[in-house]
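Below you'll find the structure, written out as structure tokens, and then a few comments.
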Amino acid sequence: MKHAMIRLAALALAISMAAGLVACGGTASSGSTSTSAASDSSSTSAASQAEIDFSKNLTEDGKWVDVNLTDYVTLPDYKNITIPTDEITPTEEDLESQRQAFVEQYATATEITDRAVEDGDQVNIDYVGSVDGVEFTGGNTNGAGTTVTAGSTAYVDDFLTQIIGHMPGETFDVVVTFPDDYNDSTDADGNTIVLAGKEAVFKTTINYIEGDPIYPEFNDAFVAENLQSQYGWTTADQANEEIKSTLTEYNKAQYLQNYLLENAEVKEVPEVIMNTLLEQEEANLNNTAATNGLPVDYLLMMYGYESLDAFREDFKTQYTDQIKLQMIYEAIADAEGLQPTDQDLKDVFGDNYDTALETYGGTAYPLHQLRIDNGYNFVMENATVA
């Protein structure tokens, strides 16, 4: 597809759970839940970047080391798949959802300043925290503002309950007690400040309450102004046609993915494949935390994981089918003699060929991905829509 508006599930080749977490709102910005000591976290040591060995357990031609796919995968008839038209034709609701996704990126924020904060409000606040009259590192928004949910438990103790009833523009003290296992912090001079079990005072200012956003209309003017440079669209009709085409292609890929998973037999996922991909995902998780200045434990907690082991189990549960699908596409590529070459990589990367190989530690990983692409493309091109 010309424009990657939608990531095809069938092409979730890197299976990047960590990237998905970020997409759900895990970046540490002034508009997200603060990652300071006011937040309900007992760890304050940010992660450091981990190096990812993309080529681990892959041969130079991009195949899994000591894995014969024919021992694990029995392919169905993948050359003569017929797809009913109504199974992949997007509904008007689908199309409207995509148009809404575009306009939401250009919403105009509204600020409510004429009423008190209510439970559940999205509220932009600033605060400065201190213990025994001494300000501590991580307890200050530095005037940048951060958006929180009034009444939620995202911050320590009942911090966010205490902002309920206060007016925008008002400055007041929020008094909380840190948990007994909370990590130490430091003052401006680097001296240790004990937070565990201590009462803290956060001088807090309500900046504004976030109101409902105002969305622009999806019309010719909106498309030409906001979408032309990225997608080449100049009119709403042109945009609608390509959105429909892209959704149709996505639905086709989904149908074929389900067909292959239901009709192919994959005896099991070899441990070398599962463990290698899981190791890469743990590194991705670590690097997502490091990029945003977060402890890994905090990022895990932020998305509902009690521990790294829980993350690992969830990965195996959620992504086993996607890993099986990769194996199926690779088996199809092998059956059809679609092994990619170094020239294919040069065609894909162009002037970035040398940089790409340096990034991925050689040709193994890029060739592995092209093997999966080749199997996927063969099935897509040979399926019939009727």
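The values are calculated or read from the model by the stated rules, or taken from the named source; none is laboratory data. Keep in mind that this is a model prediction, so the values were computed, not measured. For neighbour counting, all protein chains shown are included, and Cβ atoms are generated from backbone atoms with ideal geometry for every residue, glycine included. For accessibility, only protein heavy atoms count, side chains too; no ligands or nucleic acids. Shrake-Rupley method; radii C 1.70, N 1.55, O 1.52, S 1.80 Å.
Descriptive notes on the structure:
- Each residue, Leu261 and Asp53, gets one label point 7 Å from its Cα in the Cβ direction; the gap between the two is 3.0 nm.
- Dividing the convex hull volume of the alpha carbon atoms of segment 248-364 by its residue count gives 177 Å³ per residue.
- Share of pairwise Cα separations in segment 50-198, more than 26 Å, in percent: 62
- Pairwise label distance in nanometres, Thr355 with Ile164, each label 7 Å out on the Cα-Cβ vector: 5.2
- Accessible surface for the chain, divided over its residues, is 50 Å² per residue with a 1.4 Å probe.
- Computed lengthening from Val348 to Val103, 0.36 nm per intervening residue step minus Cα-Cα distance: 85.0 nm
- Pairwise centroid distance, computed over Cα atoms, of segment 142-198 with segment 342-370, Å: 48
- FRET efficiency, Asn219 to Thr85 (Cβ-Cβ, R0 41 Å, nearest 0.05): 0.90
- Between Ser229 and Arg312, the FRET efficiency from the beta-carbon distance, with R0 = 51 Å, is close to 0.80.
- Taking only the C-alpha atoms of the chain, Rg followed by Dmax gives 25.5, 75 Å.
- Mean Cα-pair separation over length for the chain, i.e. relative contact order, pairs under 8 Å, 6 or more apart, %: 29
- Among the GluC sites (Glu not before Pro) in segment 159-256, those placed in a DSSP loop whose Cβ has at most 15 other Cβ atoms within 10 Å are Glu170, Glu217.
- The chain - percent of accessible surface contributed by carbon and sulfur, probe 1.4 Å: 43
- Assigned charges on the beta-carbon of Lys, Arg, Asp, Glu; segment 159-246 dipole about Cα centre (debye): 120
- Helix 236-263 axis, angle to the chain major axis (alpha carbon atoms, nearest 10°): 70
- Take every Cα pair under 8 Å whose residues are at least 6 apart in sequence, average their separation, divide by the length of segment 69-170, and the relative contact order is 25 percent.
- Lysine pair count for the chain with Cα-Cα distance under 22 Å and sequence separation of 8 or more or different chains is 18.
- Computed over segment 162-294, the range of Cα coordinates on each principal axis works out to 59, 53, 30 Å, biggest value leading.
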